[in-house]
Amino acid sequence: MRTTFRCLMSITTFALASACGDDGDATTANSDYPYDEDQTVVIGGGSETPVATPDGDACIDPDETCIRPQDSCGDDGTADVIVDADGNVVDVICYPTSGAPIETIPADAVPVEKTQNGSVVVLDAADDGADIEGDLSVDANNVVLYGEGPDVAVLGGDLAITKNTTTVRGLRIQGDVNITANNANFVFCVIEGNLTITGNNTTIAGCEVWGDVSISGQNTVLVANRLSDPGPFAAQGLVCNDNTSFVDADTDGVISDAELGAAIECSSSAL
């Protein structure tokens with residue numbers, strides 16, 4: 001099991017190919033974070049309903065695998081827990097609930113050149129088109145890029161992850177995603193282009209990928225995804241659970257149950 005985003009210490013710099021939103025005033029008040037404190041989502045176990053983060057020695061699913069996100073994220077922490085087909089925890093993603101500055105990107109097109117150390121960068125929740133026009137490169141460590149869901153939080157171009165420990169949650173990326181750094185996480189995202197993973201320890205969970213998928217990095221986790229690329233996939237240390245292929249037969253940009261295909265096969269050894 002690995003845990004990401006335990007602490008936030010690095011300078012965060014965003015290099016934009018085109019304009020995006022105002023960076024706003026940084027704040028650390030718990031109520032200003034875009035997610036709830038003391039909440040955990042388990043992905044890969046059949047239910048993605050948020051539950052309270054346990055305290056002390058208590059467990060989520062105590063009769064089976066005893067999931068304890070508080071060991072990594074604290075008793076009042078916010079976490080995504082990724083599990084394999086046997087219910088074993090393969091990754092814990094922690095989200096800061098205090099101390100981390102918040103940067104907000106509204107729909108207004110104003111350049112953002114630098115955020116504060118270890119920021120949580122929030123795309124607004126308005127259904128108003130692309131929040132960031134053009135391409136985005138995350139060129140700093142320990143960043144959370146957070147949206148209220150892929151229907152409203154939209155990056156209009158490509159996304160490049162070039163530094164370590166970036167978490168992207170609830171976004172739609174209309175271009176390609178290229179992950180060259182380590183410890184990247186994508187949760188509940190839609191990637192309309194291709195996904196290329198050359199960095200190590202990448203987690204992709206609860207996402208849709210409409211383009212090709214290429215994995216050459218080690219220890220990638222793919223859980224509860226819908227992929228237009230049917231695979232099979234093979235990479236050193238690859239962990240897969242509940243990934244399904246799809247074909248958008250009616251080209252409406254929406255995946256119906258009738259368009260879902262076979263389970264995607266994976267191998268933990270590189271070809």
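The values are calculated or read from the model by the stated rules, or taken from the named source; none is laboratory data. Source: prediction; values computed, not measured. Counting neighbours? That spans all protein chains shown, and the Cβs are built from the backbone with ideal geometry, glycine included.
When the residues of the range 104-117 are filtered to those that are under 20 Å from Tyr33 (Cα atoms) and of a type outside the set (Lys, Arg), the one that is modelled with the lowest pLDDT is Val112. Evaluation of Val120 against the conditions (1) more than 17 Å from Asn164 (Cβ to Cβ); (2) modelled with pLDDT of 85 or more; (3) among the hydrophobic types (A, V, I, L, M, F, W, C) shows that the sole unmet condition is (1). Taking the conditions (1) exposed (fewer than 13 other Cβ atoms within 10 Å of the Cβ); (2) touching a residue at least 60 places away in the same chain (Cβ under 8 Å) in turn, Gly56 satisfies each one other than (2). Of the strands (runs of 3 or more DSSP E) entirely within the range 209-258, those holding at least 3 residues that are buried (at least 20 other Cβ atoms within 10 Å of the Cβ) and of a type in the set (A, V, I, L, M) occupy 221-223. Of all the listed residues (Thr196, Thr202), the sole one being closer than 18 Å to Leu238 by Cβ and surrounded by fewer than 20 Cβ atoms within 10 Å (Cβ to Cβ) is Thr196.
Which of the residues belonging to the range 222-238 are over 17 Å from Asn194 (Cα atoms) and within 16 Å of the chain's Cα centre (by Cα)? Hits for the range 222-238 are Val223, Ala224. Comparison of Asp128, Asp151 shows that the only residue that is at pLDDT 90 or above, surrounded by fewer than 23 Cβ atoms within 10 Å (Cβ to Cβ), acidic (Asp, Glu) and not in a strand (DSSP E or B) is Asp151.
Yes or no, residue by residue, for (1) hydrophobic (A, V, I, L, M, F, W, C); (2) at pLDDT 95 or above:
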| residue | (1), (2) |
| --- | --- |
| Ile197 | yes, yes |
| Val209 | yes, yes |
| Asp212 | no, yes |
| Ala224 | yes, yes |
| Gln236 | no, yes |
| Asn241 | no, yes |
| Ala249 | yes, no |
| Gly253 | no, no |
| Ser256 | no, no |
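In the set (1) among the β-branched types (Val, Ile, Thr); (2) modelled with pLDDT of 95 or more; (3) closer than 27 Å to Leu136 by Cα, the condition left unmet by Ile67 is number (3).
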